[in-house]
Amino acid sequence: MIIRFSIFTSLLFGYINALSLKEGFIKSLQNDPNVLVRQNELNKIKYDIDKARGLFYPTIDLEARAYNQRTSTDSYRPENGSLQRNDEYVVRLEQPIYKGFETINENRIQNARYESAEYYLKEEQNSLALRYVQNYLNVLKSSDLLNLSTESYNMSEDIFKKTSRKVEMGYGTKLEYERAKGNLEESSVNLSIDKLSLQDSIQYLYDNIQEEVKETDLIKEDFNYTLPKTQDKALNFALVNHPSMFVSVINIDIAKFEQKKELKSFHPELNLEAKYNLNDGSYRETNAKPNNQYEIGLKLVYNLYNGGKDLANNRKMKETIKEKSILLDQTKKDIKNALALSWNSYILNQEKLKRLENFVKTREAVLDATYQEFGLGTRDLGSVVDAHLDYISTKRNYISTKYDLLLAHYRVLYSIGILSDVLLEHMDNTLFVNEFSNMNEIFTKNIK
């Protein structure tokens with residue numbers, strides 16, 4: 001009973017400390033400075049939107065003055081003359097009526113900037129997602145490679161012990177002994193390298209989540225998101241859904257709004273102005289009477305000539321629009337190139353894994369048979385070492401390809417712009433269900 005409770009407690013503790021791909025990504029989002037800066041940029045733009053809305057409303061100012069005044073005659077110093085105390089209060093109101101659509105376009109600019117910043121944030125989250133997934137998978141891969149190196153070391157140690165006994169018994173050669181010893185030392189070096197690689201990969205993951213983890217805390221999850229069946233369909237999806245495309249398109253709109261805003265220079269400015277002035281309202285000299293004055297009217301300002309600066313500025317804004325259009329074309333090219341690389345990795349690793357799956361089994365069978373015959377004395381040590389090295393090399397290639405294939409899945413999602421949404425489970429995993437390919441079956445079969 002005590003043993004069962006201990007096992008249950010260990011399993012429960014391990015489950016509590018387990019780190020899934022989604023949980024780790026949420027931690028990464030909370031700690032990544034670039035993402036936090038983008039989120040803060042949204043808050044800043046909200047205040048710019050409030051400022052733009054304020055352009056529709058009137059400006060009201062209050063001005064108050066209280067002062068002493070003495071006027072002296074025939075003297076450079078205020079030695080004679082009566083002392084007067086004055087106070088004055090002025091309220092001014094200015095309501096914009098027409099500014100050449102500057103106010104409307106300024107509001108459009110700020111709203112578009114906010115929308116662009118949202119996609120810019122998603123773009124940064126998508127980039128972080130790829131870096132995080134790569135680091136997460138590297139820990140799992142390094143752990144598997146370390147286990148393989150441990151297996152290789154144990155086998156090399158067993159070969160060395162058997163060879164040593166043969167030498168001690170007088171029917172083993174010194175060459176066999178030295179080769180077995182060299183094989184053991186090589187396995188020891190590889191084991192040390194893989195231990196270091198594992199620690200490095202854990203450190204890279206720590207940089208994302210800012211939390212100490214062990215390789216045993218990570219969960220080997222199946223890739224259960226269906227991908228587009230062809231590269232063309234993936235590209236068509238990316239060109240209308242990738243956050244970078246939205247950023248580039250909206251930036252063109254912003255440039256157009258800014259160009260329209262600058263056309264205000266070719267239009268008159270019309271304001272409603274009102275003013276109320278009260279003198280000597282609080283303190284009055286003897287027999288002094290307070291007086292007040294109010295004004296209300298329209299003020300029209302229209303620039304007739306300023307040396308052609310407005311026309312030059314307008315032409316410059318049109319060039320900015322052209323520049324943003326060029327950047328949109330570049331964004332399309334970048335997405336297409338990134339997807340092509342991801343898709344190539346996706347296809348090639350699929351084919352490679354298929355072949356390695358059978359090749360590993362063959363290498364393992366050859367090693368087992370060679371090792372058994374070595375024990376019977378029908379095979380020499382060189383054959384065992386060669387079979388051992390071939391098996392380990394092929395198995396390492398198999399493990400690396402297995403994780404390269406998994407990463408290729410996520411790179412495709414990154415290339416079409418939805419990786420962060422997939423990790424956060426904000427995206428329907430049946431989006432491409434009708435495009436299902438046998439890639440998912442191959443991966444599920446080999447990832448365990």
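The values are calculated or read from the model by the stated rules, or taken from the named source; none is laboratory data. No experiment lies behind these values; they were computed from the predicted model shown. FYI the Cβ positions are ideal-geometry reconstructions off the backbone, even for glycines, and counts take in every protein chain you see.
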request  = Kindly indicate which of 430, 394, 444, 378 is surrounded by fewer than 21 Cβ atoms within 10 Å (Cβ to Cβ), at pLDDT 80 or above and of a type in the set (Val, Ile, Thr).
outcome  = 394
key: Residue identified as assigned to a helix (DSSP H, G or I) and within 22 Å of residue 393 (Cα to Cα) among 168, 186   = 186
message = Here are the criteria: (1) surrounded by 20 or more Cβ atoms within 10 Å (Cβ to Cβ); (2) under 30 Å from residue 44 (Cα atoms). Tell me which single one residue 136 does not satisfy.
response = (2)
inquiry  = If residue 157 satisfies all but one of (1) buried (at least 20 other Cβ atoms within 10 Å of the Cβ); (2) acidic (Asp, Glu); (3) more than 41 Å from the chain's Cα centre (by Cα), what's the number of the condition it fails?
reply    = (1)
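Among the candidates 322, 275, 354, which residue alone is among the charged types (D, E, K, R), at pLDDT 90 or above and assigned to a strand (DSSP E or B)?
After applying the criteria, what remains is 275.
Please tell me if residue 370 is surrounded by 12 or more Cβ atoms within 10 Å (Cβ to Cβ), in contact with an Asp or Glu (Cβ under 9 Å, 6 or more places away or on another chain) and not in a loop (DSSP other than H, G, I, E, B).
yes
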message = Out of 371, 414, I need the residue that is touching a residue at least 12 places away in the same chain (Cβ under 8 Å) and over 21 Å from residue 137 (Cβ atoms). Which one?
response = 371
key: Yes/no for residue 361 being over 26 Å from residue 229 (Cβ atoms), in the same structural domain as residue 221 (by TED's automatic domain parsing), surrounded by fewer than 17 Cβ atoms within 10 Å (Cβ to Cβ) and at pLDDT 90 or above   = yes
Search result, residues across region 80-100 that are surrounded by 15 or more Cβ atoms within 10 Å (Cβ to Cβ), not small (Gly, Ala, Ser) and not in a strand (DSSP E or B) = 99
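When the residues of region 83-108 are filtered to those that are of a type in the set (S, T, N, Q) and over 21 Å from residue 257 (Cβ atoms), which remaining residue is modelled with the lowest pLDDT?
Result: 84.
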remark   = Subset of region 204-231, residues among the aliphatic types (A, V, I, L, M) and under 29 Å from residue 338 (Cα atoms), comes to 205, 209, 218, 219, 227
task = Please find, among 222, 310, 207, the residue that is surrounded by fewer than 17 Cβ atoms within 10 Å (Cβ to Cβ), in a helix (DSSP H, G or I) and in contact (Cβ under 8 Å) with a residue 60 or more places away in the chain.
result = 207
inquiry  = Scan region 260-283 and tell me whether some residue there is in the same structural domain as residue 31 (by TED's automatic domain parsing), among the charged types (D, E, K, R) and farther than 30 Å from residue 305 by Cβ.
reply    = no
query = Residue check, residue 417 against (1) part of a helix (DSSP H, G or I); (2) modelled with pLDDT of 90 or more; (3) surrounded by 20 or more Cβ atoms within 10 Å (Cβ to Cβ), all met but one. Which one?
reply = (1)
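Per-residue answers, yes or no, for (1) at pLDDT below 90; (2) under 16 Å from the mean Cα position of the chain (by Cα):
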site: 15; (1), (2): yes, no
site: 19; (1), (2): no, no
site: 39; (1), (2): no, yes
site: 54; (1), (2): no, no
site: 68; (1), (2): yes, no
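Being among the hydroxyl-bearing types (Ser, Thr, Tyr) and buried (at least 16 other Cβ atoms within 10 Å of the Cβ) is the filter here; which residues of region 228-245 pass it?
244
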Residue 338 being under 30 Å from residue 174 (Cα atoms), among the small types (Gly, Ala, Ser) and surrounded by 12 or more Cβ atoms within 10 Å (Cβ to Cβ) = no
